[in-house]
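The values are calculated or read from the model by the stated rules, or taken from the named source; none is laboratory data. Bear in mind that the values here come from a model prediction, so they are computed numbers and not experimental data. Glycine gets a Cβ as well: all are built from the backbone with ideal geometry, and neighbour counts include every protein chain shown.
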Amino acid sequence: MILAFLVALTVGADPRPDASVYSGIDNQLRVRVPRLDTQISVDGALDEPAWREAVTLTGFSQYSPVDSRPADNRTEVLVWYSPTAIHFGIRAYAPAGTVHATLANRDKIESDDNVQIFISTFNDGRQAVMFGVNPFGIQSDGAMAEGSTLARLPGTNPVSQQAEREPPDLSPDYVFQSKGRLTDYGYEVEIRIPFKSLRYQAKSTQDWGIQVVRRVQRSGEDDTWTPATRAGSSFLMHGCSRISRLQARSSSPVTAARWPIPTPSDRNICTASATAFS
């Protein structure tokens, strides 16, 4: 499933009418993520000027209980990056009174509506990290090594999961900022992930895999930005897309994170991409 969000920042003119909006269900998966030399307050309100310059990922597909169909609930994910972090802004639309959100403990948001962002910084088909939030911005995070035995993924059905996707290990904790709030249209969450919290190769051009998953508790749906099927042989390899041309600053990127390195048997993870941190 991670391979479905393969966002690639490319060079040259974009032929689409609105070059800042990318629809996953229409396979608009090569995304130009803008770099903005600014800092913002992570307060749960997407009202700073930077968010108006972000790209928007929309057009989610349902993954479960039935895959390969448009999601019933509209989701927008805004993305941009600064010299020190990548920023995500989530707008999750839902009928009034249907959002389930609590002031849960960290890694205990599986009973709430939630959004999970999976990132595979090495694009090596072996590993990914997950940053999850509920509508208030309460965090859940972990590492995924497909093929290993790990804790159940927050927001998934333990019965149907066996035929769908492997969960991440929730024991790692990463440093990132998030805050959310309920709105008249559903909820919105602001997320800042510092580059120093991620482990990636020390080279000027990066190729990352990424996927966004939304859990809707009211209906039991899992929706993904890039289309993914439950029958796919690998949740990660058939669900990632690419983000690229990120000009990040880090003095020692390879040693910057704390997620486990999978064993040689854990090869079928995500092989997606993102480009250019320097």
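Taking the stretch 74-85 as the range and being surrounded by 20 or more Cβ atoms within 10 Å (Cβ to Cβ) and touching a Phe, Trp or Tyr at 6+ places or on another chain (Cβ under 7 Å) as the test, the residues that pass are Thr75, Val77, Leu78, Val79, Ala85. Checking each residue in the stretch 1-34 for being part of a strand (DSSP E or B) and either modelled with pLDDT of 90 or more or crowded, with 21+ Cβ neighbours inside 10 Å (or both) picks out Phe5, Leu6, Val21, Tyr22, Ser23, Val31.
Does Phe88 satisfy the condition of being surrounded by fewer than 22 Cβ atoms within 10 Å (Cβ to Cβ) and out of contact with any Ser or Thr (no Cβ under 6 Å at 6 or more places or on another chain)? So Phe88 fails the test.
When you go through Arg214, Arg218 one by one, which is the residue that is part of a loop (DSSP other than H, G, I, E, B) and either under 30 Å from Gly97 (Cα atoms) or at pLDDT 80 or above (or both)? From the options Arg214, Arg218, the qualifying one is Arg218. Filtering the stretch 55-72 to residues that are surrounded by fewer than 21 Cβ atoms within 10 Å (Cβ to Cβ), outside any strand (DSSP E or B) and either at positive phi or not acidic (Asp, Glu) (or both) leaves Pro65, Val66, Ser68.
Annotation: Asp43 fulfils all but one of (1) modelled with pLDDT of 95 or more; (2) closer than 22 Å to Phe176 by Cβ; (3) buried (at least 19 other Cβ atoms within 10 Å of the Cβ); the unmet one is (3). The residues in the stretch 166-205 that are closer than 22 Å to Arg106 by Cβ, in a loop (DSSP other than H, G, I, E, B) and of a type in the set (Lys, Arg) can be counted, and the count is 1. Note on the stretch 101-127: among residues that are in contact with an Asp or Glu (Cβ under 9 Å, 6 or more places away or on another chain) and among the basic types (Lys, Arg), the one that is surrounded by the most Cβ atoms within 10 Å (Cβ to Cβ) is Arg126. Of the listed requirements (1) part of a loop (DSSP other than H, G, I, E, B); (2) among the hydroxyl-bearing types (Ser, Thr, Tyr); (3) crowded, with 19+ Cβ neighbours inside 10 Å, Thr98 misses just one: (3). Val77 is checked against (1) in a strand (DSSP E or B); (2) of a type in the set (Val, Ile, Thr); (3) without any contact (Cβ under 8 Å) to a residue 24 or more places away in the chain and fails just one. What number does that condition carry? Val77 satisfies all of (1) in a strand (DSSP E or B); (2) of a type in the set (Val, Ile, Thr); (3) without any contact (Cβ under 8 Å) to a residue 24 or more places away in the chain except (3). Of the residues examined, Gly44 is one that is within 19 Å of the chain's Cα centre (by Cα), closer than 21 Å to Gln139 by Cα and small (Gly, Ala, Ser).
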